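Here's the structure we're looking at; comments come further down.
The values are calculated or read from the model by the stated rules, or taken from the named source; none is laboratory data. Because the structure is a prediction, the values reported are computed rather than measured. Neighbour counts run over all protein chains shown; Cβ positions are idealised from the backbone, glycine included. SASA here: full protein model, heavy atoms, side chains in, ligands and nucleic acids out. Shrake-Rupley method; radii C 1.70, N 1.55, O 1.52, S 1.80 Å.
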Amino acid sequence: MLGNKHKTLGEFIIENQSSFQYSSGELSRLINAIRLAAKVVNHEVNKAGLIDILGAAGDTNIQGEDQQKLDVLANDIFIQTLKNREIVCGIASEEEDDFISINSNDEKHQNKYVVLIDPLDGSSNIDVNVSVGTIFSIYRRVTPAGTPVQLEDFLQPGNKQVAAGYIVYGTSTMLVYTTGDGVNGFTLNPALGTFYLSHPDMRFPENGKIYSVNEGNYVHFLQGVKDYIKYCQEEKEDRPYTSRYIGSLVSDFHRNMIKGGIYMYPKSSVSESGKLRLLYECNPMAFIAEQANGKAIGGRTRILDIVPTELHQRVPFFVGSKNMVDKLQEFLDKYK
Ligand code: AHG
Ligand code: MN
Ligand code: MN
């Protein structure tokens with residue numbers, strides 16, 4: 001049982017604060033705010049099965065409040081928490097058309113970080129009691145503090161991320177994050193509302209035996225991806241691999257990081273850029289993957305080197321154990 005011999009996330013944040021260069025505690029306070037929002041969202045996600053009892057989205061509940069869809073609710077919770085604590089200068093979310101500027105005309109607010117979030121990832125799994133997640137990504141703004149944030153503060157390549165992480169609302173709720181010095185995972189003890197360091201220094205095994213892809217789209221994939229999938233299924237000494245696909249990027253990634261595997265969301269003849277969003281999904285997961293000895297590519301390029309051109313940009317995404325991603329790359333390169 002996780003208990004008082006394990007370090008809490010709060011303790012971990014304080015201990016590690018001094019290791020950031022020029023740390024003023026701002027990033028620590030920001031991660032603390034995310035920790036708090038995660039607990040609130042966790043509480044809401046856990047009630048999802050009670051929808052028939054509590055009322056569905058669009059209904060009005062007993063207190064006269066409107067019931068919201070969980071992805072909208074998660075979005076509001078993260079935005080409100082970050083706004084209330086005056087801890088960031090801007091937020092961009094998968095659920096919002098445009099970025100949000102915070103206290104932008106107030107010179108006394110010198111906050112230097114922007115946050116990008118996918119508040120509820122895998123939202124189609126909510127109704128069927130399958131695990132979902134939240135993904136976040138943090139950058140230092142490039143425009144001067146005390147002025148309104150601009151689009152360019154958000155359109156930075158992933159290699160400029162200061163921190164990134166995810167929360168997986170699974171059989172247990174876990175918060176996993178990196179500040180560029182390895183990846184650590186914390187499990188929520190729901191009775192106490194405390195995250196404990198349960199998975200220190202998480203690392204992808206270099207080789208894996210799991211491949212995760214929506215094979216229903218197979219006929220639309222590029223030949224290189226098709227060939228790689230056939231390679232995974234081939235009868236050889238260490239193959240066939242096992243196919244596992246939850247349909248929540250966070251959960252599929254989390255399993256593959258622990259067990260060894262590759263996650264793929266390729267482009268296809270029907271979706272030219274794939275489905276996943278560069279800023280809210282691919283960049284943070286790629287940063288975590290690289291910090292955990294894994295690899296993330298978008299075809300021929302490293303995900304973290306892509307220079308974004310728009311907030312909701314989509315890219316093909318391949319992430320996982322190093323040797324598996326390298327093998328896939330070989331197949332892609334055959335059809336250059
Ligand atoms: P979201 O719920 O934030 O829109 O993300 C869903 C994403 C990702 O989590 C998942 O891996 C992928 O969509 C599944 O897509 P398919 O249903 O096309 O396989
Ligand atoms: Mn998502
Ligand atoms: Mn989402």
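Look at the range 244-293 and say how many of its residues are within 14 Å of ARG203 (Cα to Cα), under 15 Å from the mean Cα position of the chain (by Cα) and away from ligand 1 (no atom under 11 Å from the Cβ). Walk me through how you get there before you give the answer.
Residues of the range 244-293 that are within 14 Å of ARG203 (Cα to Cα), as a first pass: 253-262, 285-293.
Add one more test, that the residue is under 15 Å from the mean Cα position of the chain (by Cα), and what stays is 253-257, 285-292.
Going one step further and asking which of them are away from ligand 1 (no atom under 11 Å from the Cβ), we end up with 254-257, 286-292.
Residues in the range 244-293 being within 14 Å of ARG203 (Cα to Cα), under 15 Å from the mean Cα position of the chain (by Cα) and away from ligand 1 (no atom under 11 Å from the Cβ): 11 in total.
When you go through VAL149, VAL114 one by one, which is the residue that is more than 30 Å from PRO190 (Cα to Cα), more than 16 Å from ligand 2 (Cβ to nearest atom) and either assigned by TED's automatic domain parsing to the domain that holds GLN80 or open to solvent by less than 50 Å² (accessible area, probe 1.4 Å) (or both)? Before you say what the answer is, go through the steps one by one.
Working: VAL114 fails: more than 30 Å from PRO190 (Cα to Cα).
So the residue among VAL149, VAL114 that is more than 30 Å from PRO190 (Cα to Cα), more than 16 Å from ligand 2 (Cβ to nearest atom) and either assigned by TED's automatic domain parsing to the domain that holds GLN80 or open to solvent by less than 50 Å² (accessible area, probe 1.4 Å) (or both) is VAL149.
Among the residues of the range 84-100, is any away from ligand 1 (no atom under 15 Å from the Cβ), among the small types (Gly, Ala, Ser) and assigned by TED's automatic domain parsing to the domain that holds GLY25?
Yes: the range 84-100 contains one or more residues that are away from ligand 1 (no atom under 15 Å from the Cβ), among the small types (Gly, Ala, Ser) and assigned by TED's automatic domain parsing to the domain that holds GLY25.
Select from the range 94-151 the residues that are in contact with a His (Cβ under 9 Å, 6 or more places away or on another chain) and either within 16 Å of ligand 3 (Cβ to nearest atom) or not small (Gly, Ala, Ser) (or both) and list them in ascending order.
In the first step, residues of the range 94-151 are kept if they are in contact with a His (Cβ under 9 Å, 6 or more places away or on another chain); the result is 94, 97, 102-103, 131, 133, 145-146.
Selection gives GLU94, ASP97, ILE102, ASN103, SER131, GLY133.
Show the residue pairs meeting these rules: Cβ distance below 6 Å; 6+ apart or different chains; first residue within the range 68-80 and within 11 Å of VAL45 (Cα to Cα); second residue within 12 Å of ligand 1 (Cβ to nearest atom) and hydroxyl-bearing (Ser, Thr, Tyr).
Going by the 6 Å Cβ cut-off, the qualifying pairs are ASP71/SER123.
Out of everything in the range 117-135 that is hydroxyl-bearing (Ser, Thr, Tyr) and within 11 Å of ligand 2 (Cβ to nearest atom), what residue ends up being least open to solvent (accessible area, probe 1.4 Å)?
Taking the candidates together, the pick is THR134.
Does the range 176-189 contain at least one residue that is without any contact (Cβ under 8 Å) to a residue 40 or more places away in the chain, more than 16 Å from ligand 3 (Cβ to nearest atom) and open to solvent by 60 Å² or more (accessible area, probe 1.4 Å)? Reasoning before the result, please.
The initial filter retains those residues of the range 176-189 that are without any contact (Cβ under 8 Å) to a residue 40 or more places away in the chain, namely 185.
Next, only the ones that are more than 16 Å from ligand 3 (Cβ to nearest atom) stay: 185.
So of that shortlist, the ones also open to solvent by 60 Å² or more (accessible area, probe 1.4 Å) come out as none.
Checking the range 176-189: not a single residue is without any contact (Cβ under 8 Å) to a residue 40 or more places away in the chain, more than 16 Å from ligand 3 (Cβ to nearest atom) and open to solvent by 60 Å² or more (accessible area, probe 1.4 Å).
Those residues that are within 17 Å of GLU94 (Cβ to Cβ) and of a type in the set (D, E, K, R), I need them from the range 292-318; list them, please.
Within the range 292-318, GLU310, ARG314 meet the criteria.
Return the total of residues in the range 113-148 being more than 13 Å from ligand 1 (Cβ to nearest atom), touching a strand residue (DSSP E or B) at 6+ places or on another chain (Cβ under 7 Å) and at pLDDT below 95.
Result for the range 113-148: 1.
When you check GLY158 against the structure, is it free of Cβ contacts under 8 Å to residues at least 40 places away in the same chain and open to solvent by less than 20 Å² (accessible area, probe 1.4 Å), yes or no?
Values: free of Cβ contacts under 8 Å to residues at least 40 places away in the same chain: no; open to solvent by less than 20 Å² (accessible area, probe 1.4 Å): yes.
Judged against the criteria, GLY158 is not a match.
So, ASN214, is that one within 16 Å of ligand 1 (Cβ to nearest atom) and either open to solvent by less than 60 Å² (accessible area, probe 1.4 Å) or under 23 Å from ALA48 (Cα atoms) (or both) or not?
Criteria met by ASN214.
For the range 258-273, what are the residues that are open to solvent by less than 10 Å² (accessible area, probe 1.4 Å) and over 15 Å from LYS226 (Cα atoms)?
Correct list: GLY260, GLY261.
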